[in-house]
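The values are calculated or read from the model by the stated rules, or taken from the named source; none is laboratory data. The model shown is predicted, which means the values in this text are computed figures rather than measured ones. Glycine gets a Cβ as well: all are built from the backbone with ideal geometry, and neighbour counts include every protein chain shown. Side chains included, ligands, DNA and RNA excluded: accessible areas come from the protein's heavy atoms. Shrake-Rupley method; radii C 1.70, N 1.55, O 1.52, S 1.80 Å.
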Amino acid sequence: MNWISNYVRPKINSLFSRRETPDNLWTKCDECSTMLFHRELADNLNVCVNCGHHMNITPRERFASLFDGGTFAEFEAKAPIADPLKFRDQKKYPDRLKAAQKKTGEKDAMLLGYGDLGRTKVVMAAQDFGFMGGSMGMAVGNAIIAACEHAVNMKCPLILFSAAGGARMQEGILSLMQMPRTTVALQMLKEKNLPFIVVLTHPTTGGVTASYAMLGDVHIAEPNALIGFAGARVIEQTIREKLPEGFQRAEYLLDHGMLDRVTKRQDMRDELISIVRMLMKLPPAIAADLEPPAKIEDKTKKSEVAKK
Amino acid sequence: MQNYLEFEKPLAEIEGKAAELRAIASQSEDEMNVEKEAGALDKKAQTILVDLYKNLTPWRKCQVARHPDRPHCKDYIENLFTEYTPLQGDRVFGDDTAVMGGLARFDDQPVVVMGQEKGNDTTSRLHHNFGMARPEGYRKAIRLMDMADRFGLPVVTLVDTPGAFPGRGAEERGQSEAIARSTEKCLQIGVPLVSCIIGEGGSGGAVAFATADRLLMLEHSVYSVISPEGCASILWKDAEKMREAAEALRLTAQDLVKLGVADTVIPEPLGGAQRDREQTFVAVKDAIASSLKELSGKKPKQLIKERRQKFLDIGSKTLA
Ligand SMILES: [Zn+2]
C-alpha cells in the first residue's frame, strides 16, 4: 500500500543546517552560563552538558532526533485565510508573520511529520516556540486537525510536542476558537482508540494548555518546563502573595497530578517507543534492531521519505 | 442610584439635573411645577443617549458589557426560568461560587442552566469571585452537562466572566485541565446546547461554557481571546492603548456574527441592558426559545456531528 496516495505528496524534507561561523560555534547556557561547543550541544540534543538545562530545539531538529534514521515525511495542513482581522498593533500582523517565517524558515508554528519511531508508525506534531512564541492561531489549529486526520487514516498514534505562550492575539477570536477546533479533532482520534501522547515542553501556557495539551492519554513533560494557564505575574498581582519555588514547573505539576512523567530529552525516544508500542499492543521493540535517529546537526545526510 | 460609565458623563449631568429639579419641586411647600423644565431635560438626555449608543466603539462596548448594573446570570435565571434548583459541587474538591447552575424549567421544559455570576455589590462580588471560575467551577459544569446528557435535557449556559481565576490553588488543582475537559464535554453531549453571552466572554474561561450549538450574544456583549487591557500591555507595551486593542481584536457581537463565531445578536434596550431589564429578559428568552426550537427533535448523534462541524468550519468566513 502506498500511503502517500492518501495525501498531498509530502515534501522530501532536508535537515536543518546552520552555517559554521565563529559566532555560533559557542552557545551560552541560560541557566549555568557555561559556554557550550555547538557540536557537543547538538549531540546532547540542546541539553546543557553541564547542568542539564533543556534549551529550545526546533521541530525539525526534534523530529530528526526521534524518527528512525532521522527520516520522516512532512505533510502540511490547509493554509488558513491570511490575516482575517486585518490586525495591526505597532506592526501589521502580516509583517510579524513574514519576519517569523524568515527567521525560522517555516510557514507557521507547527511542523507535522509521519514516519517510523522504533519501527512503529506515528504522526508527530511539534510546535515551534521560535515562531511568534509558538502561538496558536488558525494555522496551528489546522495543523492539529490535519495531524489527527492523518493519524486516523494511518491508524497510528499522534505524538504532539507543545510549546507556546498561548493563543495568537493577532487572530482575535479565531485564535480562541482553536481550543474547541483542536478538541474536535482529538475526539476523532480518540473515537478510533488511537493514542494521543502530549509532550509538554518549555513553555506551554494559556489557551494551549487549556485545550489539546491537557487532553492527552499520556502527559510527559521535559524537565523544568514552564506549564500553566495564567502567567505567574498576573497571579502574584491578583492574590498578592509570592508564589512558591518551582511553581508551574514540570516537576511541580507532576507533584500536583497534572502529568504522568517528567522525562529528559535524551530518554524521550526510548520512552515514547515503549509507550506507543504498548498502547498499540505491539511486541517490545528490540533496541539492537533499531535504526538510530539522526544527529540534529548532521549536514551530510539528506533525509528521505521513510521506506518500509 | 444609577451608575454611569465614563463616556456617559454628559448624560449623567443632564439626567442628574432633571432628577434634582424634581426632587426640589416635590419638597417645596407649594409643590412647584417643574415638569416643563424637567421634561426638556429628559428630552435632551434622550438625544444624548441615542447619540452615545448609535455607534458604540468596541472599547465602549466592553465597558457596557461590564456595567455594574447590567443584569447578571442570577437575574436571568430568576426571570427566564422557573423551579430553579441549584446543584452544587464538583464531587472532587469543593463548590465554586463563581459558577451557578442546576435544574430549572424553561417554558415548562426541564433543562440544565448554568453560568458565571459576577455579583452586584461588594459582598456578592467577593462571594462569586467576580465571576472568575476555579477548576471546581468547570468540573461542576462538566458534571451538570453529563447529567443533562444522561437525562436528555437541553443545556442553556449564560456566559459572563472576565476569565478563569488566575490563582495559585486554581493552577495547582488543574485550571487548564478543567477548562479543556469542560470544552471537550460541550462537544460530547448529545443534547441541545445553547449559550448566550450576556456580558463578558473572557477567553478560555468563556470557551469552556460557550462551545455550543448556538451562540447568542447580547448587542453590547463581547467575546475575546484576551481583554483589551491585556492585549494592549502585551502588543502595544502600554495598557492605556486598550481602545486600539479593543478595535483590533474584533470582539463585538456584530463582528463575531460576521466571522461565523456567533449566530445571533440579541438587541438591547437603548442605553444597554441595564436601562430596561424587563425588555432585555424578554428578548433573551425569545432568542433562547427559538434556538431550542430549532434544535429540538435532532438525534444526539446529529447534534454532536453538527456541533463539531460548526467549529471545524470556523475560519472560513472573513469580516468582509
Ligand atoms: Zn547549563
- [ ] Determine, from the Cβ-Cβ distance of B:D69 and B:K17 and an R0 of 25 Å, the FRET efficiency 1/(1 + (r/R0)^6), rounded to the nearest 0.05.
- [x] 0.80
TODO: Starting from the amide H of A:L282, placed 1.01 Å from N in the peptide plane, find each other amide H under 5 Å away whose residue is 5 or more places distant or on another chain.
DONE: none
- [ ] Give the share of C-alpha pairs in each 5 angstrom bin for the range B:62-312, from 0 to the last occupied bin, in whole percents, shortest bins first.
- [x] 1, 7, 14, 19, 21, 18, 12, 6, 2, 0, 0
TODO: Using only protein heavy atoms and a 1.4 Å probe, report how much of A:K91 is accessible, in Å² to the nearest 10.
DONE: 110 Å²
Task: Enclosed volume per residue, in Å³, of the convex hull spanned by Cα atoms of the protein assembly as shown - done: 172 Å³
Open item on the list: Give me, ordered by chain and number, the residues 5 or more places off B:A104 or on other chains with an amide H under 5 Å from its own placed amide H.
Closed with: B:T85, B:V111, B:V113
Task: Solvent-accessible area buried by pairing A with B, both sides, nearest 100 square angstrom, 1.4 angstrom probe - done: 4100 Å²
Open item on the list: Please list 3J(HN,Hα) in residue order for the range B:34-43, calculated via the Karplus relation 6.51 cos²θ - 1.76 cosθ + 1.60 where θ = phi - 60°; whole Hz, with x for glycine and proline.
Closed with: 10, 4, 5, 5, 5, x, 5, 5, 4, 5
TODO: Using a 10 Å cut-off on Cβ to Cβ distances, tally the other chain neighbours for every residue of A:225-232 and report the average as a whole number.
DONE: 5
Open item on the list: More than 33 angstrom separation, counting every C-alpha pair in chain A; what % is that?
Closed with: 22 percent
Task: For A:85-94, mean number of other protein chain Cβ atoms within 10 Å - done: 4
Task: With at most 12 other Cβ atoms within 10 Å, longest stretch of chain A clear of loop GluC sites (Glu not before Pro) (DSSP) - done: A:21-240
Open item on the list: In whole percent, and with a 1.4 Å probe on the protein chains, what portion of the accessible area of the protein assembly as shown is carbon and sulfur?
Closed with: 51 percent
Task: Phi to ³J(HN,Hα) by Karplus 6.51 cos²θ - 1.76 cosθ + 1.60 over the range A:257-272, Hz, x for Gly, Pro - done: x, 8, 10, 8, 8, 10, 10, 5, 4, 5, 9, 4, 4, 4, 5, 5
Open item on the list: Using only the alpha-carbon atoms, how far is helix B:277-295 inclined from the longest principal axis of chain B? Give it as 0 to 90 degrees, nearest 10.
Closed with: 30 degrees
TODO: Kindly flag which residue pairs out of A:K78/B:K310; A:K86/B:K9; B:K17/B:K241 have an alpha-carbon separation exceeding 26 Å in this structure.
DONE: A:K86/B:K9; B:K17/B:K241
Open item on the list: Just to be sure I understand: if I project the alpha-carbon convex hull of the range B:140-224 onto a plane and average over all orientations, what area do I get in nm²?
Closed with: 5.2 nm²
Task: Amide H contacts under 5 Å for A:R168, placed H, 5+ residues apart - done: A:M136, A:G137
TODO: Taking a cut-off of 16 Å between Cα atoms, list the aspartates and glutamates near B:K118, but don't count ones fewer than 8 places away on the same chain.
DONE: B:D69, B:D75, B:E78, B:D95, B:D96, B:D160, B:E200
Open item on the list: Under 10 Å, Cα contacts only: if you run a Gaussian network model on chain A, which one of A:I197, A:I220, A:I286 comes out with the highest mean-square fluctuation?
Closed with: A:I286
Open item on the list: Given points 7 Å out from each Cα along the Cα-Cβ axis, report the B:F151 to B:E294 separation in nanometres with one decimal.
Closed with: 2.7 nm
- [ ] Kindly write out, for the range A:236-246 in residue order, the coupling ³J(HN,Hα) from the Karplus curve 6.51 cos²θ - 1.76 cosθ + 1.60 (θ = phi - 60°), rounded to whole Hz, with x marking Gly and Pro.
- [x] 4, 5, 6, 9, 6, 8, 6, 8, x, 3, x
- [ ] Using only Cα atoms, find the angle between the long axis of helix B:175-186 and the longest principal axis of chain B, and express it within 0 to 90 degrees, rounded to the nearest 10.
- [x] 80 degrees
Open item on the list: At a 4.7 angstrom Cβ threshold, list every cysteine in chain A that has nobody to pair with, or say none.
Closed with: A:C148, A:C156
Task: Kirkwood Rh in Å, taken over the range B:174-277 so that all alpha-carbon pairs contribute - done: 14.8 Å
- [ ] Using only the alpha-carbon atoms of the range B:7-54, report the extent along each of the three principal axes, biggest first, to the nearest angstrom.
- [x] 41, 17, 8
Open item on the list: Within 10 Å of each Cβ in A:233-240, how many Cβ atoms from other chains are there, averaged over the peptide?
Closed with: 3
Task: Potential lengthening between A:E236 and A:L25 on full extension [0.36 nm per residue; Cα-Cα distance subtracted] - done: 72.0 nm
- [ ] Please report the relative contact order for chain B, taking Cα pairs under 8 Å with a sequence separation of at least 6, and give it as a percent rounded to a whole number.
- [x] 15 percent
TODO: With all protein chains present, calculate the accessible area of B:R143 using a 1.4 Å probe and round the result to the nearest 10 Å².
DONE: 50 Å²
Task: Heavy-atom accessible area ranking, 1.4 Å probe, most first, across A:F229, A:F37 - done: A:F37, A:F229
Task: Nearest-0.05 FRET efficiency for A:V49 and A:S274, computed from C-beta distance (R0 22 Å) - done: 0.30
TODO: Quick one: P(r) of the range B:103-142 from all Cα-Cα pairs, 10 Å bins, percents rounded to integers, in order of increasing distance.
DONE: 28, 38, 30, 4
TODO: Please give the solvent-accessible surface of B:D108 in Å², to the nearest 10, using a probe radius of 1.4 Å with every protein chain present.
DONE: 110 Å²
